[in-house]
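This report refers to the structure that appears directly beneath it.
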Amino acid sequence: MTTTLVDALKAAVGEGQVETGASALAARRHDYWMVSHVRDLAGPAAPNPACVVRPRSVADVQATLRVATARGVPVIPFGLGSGVVGGVVASPDAIVLDMGAMNAVRFIDPVNLLAGFDAGKNGLEAEEAVAAQGLTIGHWPQSVAISTVGGWVATRASGQFSTAHGNIEDIIHSIEAVLPNGEVVVLGKGPRASAGPDLRHMLMGSEGTLGVITGVTLSLRRAPQARALSAFEAPDMRTGFELQREIIQSGWRPPVVRQYDERESRRLDARASACLILMVHEGPAAVVAAETAAVAALAEAAGVPSAPTDIVEHWLGHRNTVPAWDLFLSRGIVLDTVEVSGDWERIGLIYDDAVADLKTVPGCLAGSAHSSHAYRSGLNLYFTFAIQTDGPATMEAIYFDCWRRIMEATVRHGGSLAHHHGIGRVRRDWLEKELGSGGLALLRTLKGALDPAGIMNPGALIPDA
């Protein structure tokens, strides 16, 4: 069957775009999910897919999906493999659709502040392309240099400057995608529309389960005229949360607002004795000056003293530096980061319960959190856990136990279970808690209508799909 499938794909898209070599298959059999790395160590590891297809055009994606649909073969879209929730786990009969060869800058429009990209375009390269014209996308996920613009859409990504610039849904102008039957759709047109449901949101966060995103047009910003930095040190997390609420609800929008608990503050800077709050202010010079002064006044009124701004400079210079999983696994340590969100009245309860519960896990080396995205109605929390285990045999069970503790604390206090990394497989069985039974049924109905053969990334996002 595999030979027949491969031959059909070669005939459809060209022999040079279908890869079956062992190294090519192994490199794309899973993403950067910790559990996939644990399974590589302890077994059973994710198998290689049947083949990898590297489309160079929308027509190639159409042809691939038509072959797959006709044969009932799974298709797993693959960007740069930076996902951390198990969105990509191959099976021996699957086609991995590597979008990396579709990496063109389609256009940059400095008048209307729009830029179009192939979905496989590296995020940092996309930002550099618009920066050359004095513009910015304003979307800075930690994975910006190892993720694609299509991946940003597929996972409903958020960037480090989101408090002012918004998340990916606030930056998207239009989406081009190929549905499982091979049909092309372009969703989004004007700067705003009232033309029925906004179908762009059908593909945002779909994680490759409803079709393949092939192109994205993003709404840009002019590069900021000025930048200033602020840092403060709150005596505890609740006081810091309240200061953040006052700043945001007063109408100030620093692009970066981050608050670290005591443990993470000390890790960030040895001088810290409590909870650091870091801010970056950007925009017209007059606005930046007014905002920094207003934020400083609010902090003073809240009894939150300032901290050295070189802490913010250090964070800016090192914010995307992340140690490899294998460094920890080789030492018997299992770890991850888990992002959730909640309203202002509940976020402290989520923090307290989740961190306290993590610290009771045997072998706990770290159970901590910081916030990194603030909104008028609440903010996110980014938990970190690190557990010393007895070895590979116990790692997976301990990993899922830590996730369970964070998910349960979030559900207990009415928070949202995923802020920006998506669902993948690690949150999949919790999705009904997020959407409700009616919402999950609606998602399944949508999946059945668009992908009746069930070929698109089976196992991700939707429970029991």
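Computed quantities for the displayed model
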item	result
Value of relative contact order over the chain, rounded to a whole percent, pairs C-alpha under 8 Å and six or more apart	15 percent
227, 331, ranked by accessible area, largest first (probe 1.4 Å)	331, 227
Point-charge dipole on Cβ atoms (K/R +1, D/E -1) for the range 22-111, about Cα centre, debye to 20	160 debye
Cut-off under 5 Å, modelled amide H: who pairs with residue 214 long-range	176, 177, 178
Accessible area (Å², 1.4 Å probe, nearest 10) - residue 206	10 Å²
3J(HN,Hα) from dihedral phi, the range 265-275, Karplus parametrisation 6.51/-1.76/1.60, rounded to Hz, x for glycine, proline	5, 5, 5, 6, 8, 5, 6, 5, 10, 9, 9
Surface accessible to a 1.4 Å probe, residue 161 within the full protein complex, Å²	10 Å²
Rounded accessible area per residue of the chain, 1.4 Å, Å²	40 Å²
Around residue 38: net Lys/Arg minus Asp/Glu count, Cβ-Cβ under 14 Å	-4
Bridge type composition, the chain - antiparallel percent by DSSP, nearest 5	90 percent
Probe 1.4 Å, all protein chains present, accessible-area order of 10, 447, largest first	10, 447
Heavy-atom accessible area ranking, 1.4 Å probe, most first, across 316, 431	316, 431
Between the range 121-181 and the range 414-465, the Cα center-to-center distance that results, in Å	23 Å
Residue-by-residue Karplus 3J(HN,Hα) for the range 80-91, coefficients 6.51, -1.76, 1.60, Hz, glycine and proline x	10, x, 8, x, 10, 10, x, x, 10, 9, 6, 10
Range in the chain, longest, excluding exposed GluC sites (Glu not before Pro) [loop by DSSP; at most 14 other beta-carbon atoms within 10 Å]	1-182
Per-residue SASA entry for residue 250, accessible area with 1.4 Å probe, Å² rounded to 10	60 Å²
Entries in 10/447; 189/447; 121/447; 121/359 that, when Cα-Cα distance is taken, lie over 32 Å	121/359
Within the accessible area of the chain (1.4 Å probe), percent carbon and sulfur	53 percent
³J(HN,Hα), Karplus 6.51/-1.76/1.60, whole Hz, each residue of the range 414-423, x for Gly, Pro	x, x, 8, 7, 8, 9, 8, 7, x, 9
Placed amide H near residue 336: partners under 5 Å, 5+ positions off or other chain	385
Reciprocal mean inverse distance between Cα atoms of the chain - Kirkwood radius, Å	23.1 Å
Estimated translational D of the range 117-255 in µm²/s (Stokes, Kirkwood radius over Cα pairs; 4 °C; 1.567 mPa s)	78 µm²/s
Sum of side-chain charges, residue 456 neighbourhood, beta-carbon under 11 Å (Lys, Arg +1; Asp, Glu -1)	-1
Neighbour net charge for residue 173 - beta-carbon separation under 14 angstrom, K R +1, D E -1	0
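The values are calculated or read from the model by the stated rules, or taken from the named source; none is laboratory data. The structure presented is a predicted model; accordingly, all values stated were derived computationally and were not measured. When we count neighbours, we look across all protein chains shown, and the Cβ atoms used for this are built from the backbone with ideal geometry, even at glycine. Note: accessible area is taken over every heavy atom of the protein model, side chains too, but ligands, DNA and RNA are not part of it. Shrake-Rupley method; radii C 1.70, N 1.55, O 1.52, S 1.80 Å.
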